[in-house]
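Participant: Structure incoming, see below.
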Amino acid sequence: MIYGDDMNEILNNIKIIRRRMETACKKVGRDAASVKLLLATKTVPPERVRVAIEAGETLTGENKMQEFALKNPALSDLKYERHFIGHLQTNKIKDIVKYDVHCIQSLDSVELAQKLDKRFQAEGRSIDVMIQVNTSFEQSKSGLEPDNVTSFIKELKNYDTLKLKGFMTIGLFDSDEDAVRQSYVRLREIRDHALSGGLISPNSSELSMGMSHDLEIAIEEGATIVRIGSAIFGTRAI
Ligand SMILES: *Cc1c(COP(=O)(O)O)cnc(C)c1O
């Protein structure tokens, strides 16, 4: 059950986020339409996700396959795109098709690429992927080391079913704005380097970066997808 106040809060939060996105775009002369809002819906129950989708949002992201299992059936009457943004265990690959996941944003190993491709060869279809890069050099973060991205992109060309859409990173979590910005600059430079070297086409140039607390910095540095959870759905218990 969702009550009116809760619903209004979600709707109001979306307005605030959209305004923040627009203001950030304006500041650096970008078209507001060049940045997509992904709802990071981990731990958010389906009736609250529904409010956002019915208000016009079209893109969600989950960190765990189990959350799709819970939410997809409850939202099956709605049309929206689902991305996977968490650490993907290889034994969960079969669930990508089952839960109609459109894009895996967290591709970060050759082993995972091999197994994904094998699965999608068998399915006779393809899947969108983004390369997750560890731009903050924090040990705890997943993602490829920046130095390994070029060889990884070359390796990916062996896997026909994986359609590279761009790059994803979780920025440094720090109150030092310049340090946070550095991680986003790093992801943009990796993308630009791959583009100018002819390694990727413009179809593979998305940058998924920026969360509730730092979306402005990410947009200023070129984000084309921001992933927002708590600023829309409230702080999480976990
Ligand atoms: C939870 C999560 C987000 C959203 O974080 P908020 O701070 O709640 O906006 C974005 N990206 C990933 C990978 C996440 O796990």
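Derivation of every value follows stated rules applied to the coordinates shown; laboratory data play no part. It should be emphasised that the depicted structure is a prediction, and the values quoted were computed from it without experimental measurement. Positions of Cβ are generated from backbone atoms using ideal geometry, with glycine treated the same way; all protein chains shown enter the neighbour counts.
Participant: Rounded to the nearest 500, what is the chain's calculated 222 nm mean residue ellipticity when only DSSP H runs of at least 4 contribute -39500 (n - 2.57) each, over all residues?
Facilitator: Working: 9 runs with 100 residues, N = 238.
It comes out at -13000 deg cm²/dmol, rounded to the nearest 500.
Participant: A further question on this structure: Distance cut-off 31 Å, Cα to Cα: go down the list 92/154; 36/115; 26/98 and report the pairs above it. Could you put the intermediate results ahead of the total?
Facilitator: Values: 92/154 25 Å; 36/115 29 Å; 26/98 40 Å.
Correct reply: 26/98.
Participant: Additional query: How large is the convex hull of the C-alpha atoms of the stretch 1-136 per residue, in Å³? If you can, show how the numbers build up before the last one.
Facilitator: Working: hull volume 18.7 nm³, N = 136.
Per residue, the Cα convex hull of the stretch 1-136 comes to 137 Å³.
Participant: A further question follows. Distances over 24 Å make up what percent of all Cα-Cα pairs in the chain? Walk me through the numbers on the way to the answer.
Facilitator: Working: 12605 of 28203 pairs.
The proportion of pairs with Cα distances above 24 Å equals 45 percent.
Participant: Let me spell out the model: positive unit charges on the Cβ of Lys and Arg, negative unit charges on the Cβ of Asp and Glu, origin at the Cα centre of the stretch 4-233. What dipole size does that give, in debye rounded to 20?
Facilitator: On the way: 32 positive and 35 negative charges, 124 e Å.
Roughly 600 debye for the stretch 4-233.
Participant: Hey, can you rank 155-165, 181-191, 3-13 by average C-beta count inside 10 Å, highest first? Write down the numbers at each step before the final one.
Facilitator: Values: 155-165: 17.1, 181-191: 20.8, 3-13: 13.5.
My ranking of the peptides, most packed first, is 181-191, 155-165, 3-13.
Participant: If packing is taken as the average count of other Cβ atoms within 10 Å, what order do 221-230, 44-53 fall into, highest mean first?
Facilitator: Numbers: 221-230: 22.7, 44-53: 19.1.
Top of the packing list down: 221-230, 44-53.
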